[in-house]
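Presented below is the structure to which this report refers.
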Amino acid sequence: MSIILGLEKLNESLNSEEMEQLEKAALIHKNQSNIEFCILGLDESTISVETTQGETRSGKYANQTTLVKRTMEVFEKSLPEISIQVEAMPFLPNPTSVVTTLWLEKKMKEKGVRIKQIAFETGVDRDSIS
């Protein structure tokens, strides 16, 4: 299976060696930064590529500008005469993974909110909140 989704759309534009080079470059980004490429469309003068980054073990993530740059690095060498349009989708952590008991306590302290006030305003039993 191809590392770059939709790579078969380039069958007429590239030879097998060039496609293999694209695959190798994409594999490096996949292994190091969990960045994936998907070819959305191709016409005579333009290629549209979606670039997404998944969760990484290091917790370091590329911003949108960096994802566009990485996409250009991968595709420019093989497709020098074609304009590359990049739809970059950086990783956004799930908000539920950020909210912990410590985080809630810190925010309550910052805002000066007490459990009693939360119980009153939400209608949730005070014992359920603490």
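Only one entry of GLU18, GLU36 meets the criterion of being modelled with pLDDT under 95 and either in the same structural domain as VAL74 (by TED's automatic domain parsing) or of a type in the set (A, V, I, L, M, F, W, C) (or both), and that entry is GLU18.
To keep it simple, each residue is scored yes or no on (1) among the hydroxyl-bearing types (Ser, Thr, Tyr); (2) crowded, with 16+ Cβ neighbours inside 10 Å; (3) over 18 Å from GLU73 (Cα atoms); (4) touching a Cys at 6+ places or on another chain (Cβ under 7 Å).
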site	(1), (2), (3), (4)
MET19	no, yes, no, no
LEU27	no, no, no, no
GLN32	no, no, no, no
PHE37	no, yes, no, no
GLU44	no, no, yes, no
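Residue-level check: of (1) free of Cβ contacts under 8 Å to residues at least 40 places away in the same chain; (2) within 30 Å of ASN63 (Cα to Cα), VAL113 misses just (2).
Among the criteria (1) under 24 Å from GLU8 (Cβ atoms); (2) in contact (Cβ under 8 Å) with a residue 24 or more places away in the chain, the one ASN31 does not fulfil is (2).
Within the range 71-118, being surrounded by 13 or more Cβ atoms within 10 Å (Cβ to Cβ), more than 18 Å from the chain's Cα centre (by Cα) and of a type in the set (Gly, Ala, Ser) holds for one residue alone: SER78.
The values are calculated or read from the model by the stated rules, or taken from the named source; none is laboratory data. The structure presented is a predicted model; accordingly, all values stated were derived computationally and were not measured. Glycine also receives a Cβ, built like all others from the backbone with ideal geometry; neighbour counts cover every protein chain displayed.
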